[in-house]
Amino acid sequence: MPEKLKRVYVKAMKMQDSDTKLPRRRAARRGNSAPTIGDVAREAGCSPMTVSRVINGEANVREQTRELVLEAIRKLNYAPNRAARSLAGGEQLRIALMFDNPSASYLSEFLMGALEEASRNDIHLEVQRCESAEEALSIMGKLAKEGIDGFILPSPLCDDQKVLDLARELDAVSIAVGPGKAEGLHGAVMIDEFQAAYDMTKHIIDLGHERVGFIIGNPEQIASGRRLNGFRAAMLDAGLTPDEELIVQGRFTYRSGMAGAERLLSVHPQPTAIFASNDDMAAATVAVAHRKHLDVPNDITVCGFDDTAMASTIWPELTTIRQPIREMTAWAVTAIARIIRSKRTDGRAKPQQKILPYTLVRRESDAAPSLARGSANSLLSDR
């Protein structure tokens, strides 16, 4: 491996199987810009995490995958941007990305943004999986003793007050990715969860749907409540009273989405549309609908939230809210670098609360309610 590639200090710890193939995304490099770790991952057909492991010479990568990554590196002439080592004294920043999120699709996007930005700016990124908030507290304490400079805390870790309190006590810069409970001393980057869910619900209603089911996300995450509130508000503003029988609990996992969809599609009359709080649960809803011989979207509309890779790799592709996950984690990396740079000079930088724009992406999973389906539901409700 060329010596310059060994200078990429991206270390992944305690990760699950890194050889999971990711769906190829439509996005491509623009113009003559330098290739990124994401470009290498797309070329090799693997995750950016796997690319990082190959670059760092770690052993837990299949030989065939390693060869594909090395070939992609050679083909794209990939190398990190060394000009970005600009912190005081030339010291390299060390940032820990903590995560406890069961959605593989969300995690892939999350890691992509952080890894690319860290590689671009020669930042040592440590990826730490935490099975619980208690484990996160232990890992954070250990990393602080080893000189970590900052923490990136996605949901549900940024929803846990104990985690945020410890980050403050350790005097490390922390950025929450998602609404969470980060205020004042902590920076945060997010979208307007309430308004995004409101807009999606309004879109569904504008198609002509009145019986709309909703699958709530993890009850421990603040984003779940905001999305639910946005759904309720849009229904009420349209003169529709949300049917509590059509609002079911999920946990942002595919399995919980299947359970929620089963419950919703067992109600009579059935909903003509289901809005799931993330793409994993929406994909599960599509699978359950197919198993029940329902056509999506002709028999039932299904919409999601996040616009992860899952949304564009199932059939039909999901109408969803695009949450700029990569951009959010990239912003978190640069925000930590900016604050630490300021601390080492004038100390004036303050944590920011950044709200990024979202987009409603319409694909093939939504349509006006079917008259035939409506008639069938009427017959069922009369029995």
Discussion item. Leu87 - would you say it is at pLDDT below 85, touching a helix residue (DSSP H, G or I) at 6+ places or on another chain (Cβ under 6 Å), assigned by TED's automatic domain parsing to the domain that holds Gly38 and of a type in the set (A, V, I, L, M, F, W, C)?
Written reply: yes
Worksheet item: Which one of Ala188, Ala196 is within 30 Å of Lys145 (Cα to Cα), touching a residue at least 12 places away in the same chain (Cβ under 8 Å) and aliphatic (A, V, I, L, M)?
Response: Ala188
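Only one of Ala172, Ala197 is surrounded by fewer than 24 Cβ atoms within 10 Å (Cβ to Cβ) and among the small types (Gly, Ala, Ser). Can you tell me which?
Ala172
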Worksheet entry | Members of segment 300-344 found to be in a helix (DSSP H, G or I) and of a type in the set (Gly, Ala, Ser), listed by number | Ala309, Ala311, Ser312, Ala330, Ala332, Ala335, Ala337, Ser342
Practice prompt. Could you tell me whether any residue of segment 208-216 is over 16 Å from Met281 (Cα atoms), surrounded by 20 or more Cβ atoms within 10 Å (Cβ to Cβ), touching a strand residue (DSSP E or B) at 6+ places or on another chain (Cβ under 8 Å) and not hydrophobic (A, V, I, L, M, F, W, C)?
Written response: yes
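Yes/no matrix, rows are residues, columns are (1) touching a helix residue (DSSP H, G or I) at 6+ places or on another chain (Cβ under 9 Å); (2) buried (at least 22 other Cβ atoms within 10 Å of the Cβ):
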residue: Gly141; (1), (2): yes, no
residue: Lys145; (1), (2): no, no
residue: Ile148; (1), (2): yes, no
residue: Phe151; (1), (2): yes, yes
residue: Leu157; (1), (2): yes, yes
residue: Val163; (1), (2): yes, yes
residue: Arg168; (1), (2): no, no
residue: Ala176; (1), (2): yes, yes
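With respect to Glu117, determine if the residue is closer than 22 Å to Val40 by Cα and in contact with a Ser or Thr (Cβ under 7 Å, 6 or more places away or on another chain).
Working: closer than 22 Å to Val40 by Cα: yes; in contact with a Ser or Thr (Cβ under 7 Å, 6 or more places away or on another chain): yes.
Yes: the conditions hold for Glu117.
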Practice prompt. Please name all residue pairs, on different chains or six or more residues apart, with Cβ atoms under 8 Å, provided the first residue is in segment 168-184 and is over 20 Å from Ser224 (Cα atoms) and the second residue is exposed (fewer than 15 other Cβ atoms within 10 Å of the Cβ) and at pLDDT 90 or above.
Written response: Leu170/Gly141
Item to complete: State the number of residues belonging to segment 66-84 that are modelled with pLDDT of 75 or more, crowded, with 21+ Cβ neighbours inside 10 Å and not small (Gly, Ala, Ser).
Response: 3
Worksheet item: Pick from segment 247-275 the residues that are of a type in the set (D, E, K, R) and in contact (Cβ under 8 Å) with a residue 24 or more places away in the chain: which of them is farthest from Ala233 (Cα to Cα)?
Response: Arg255
Worksheet item: Does segment 119-131 contain any residue that is touching a residue at least 12 places away in the same chain (Cβ under 8 Å), crowded, with 17+ Cβ neighbours inside 10 Å and more than 22 Å from Ala337 (Cβ to Cβ)?
Response: yes
Fill in: Count of segment 316-356 residues which are touching a residue at least 40 places away in the same chain (Cβ under 8 Å), under 28 Å from Glu210 (Cα atoms) and surrounded by fewer than 22 Cβ atoms within 10 Å (Cβ to Cβ)
2
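The values are calculated or read from the model by the stated rules, or taken from the named source; none is laboratory data. None of the values given here were measured: they were computed from a predicted structure. Here Cβ is always computed from backbone atoms with ideal geometry, including for glycine, and neighbour counts include all displayed protein chains.
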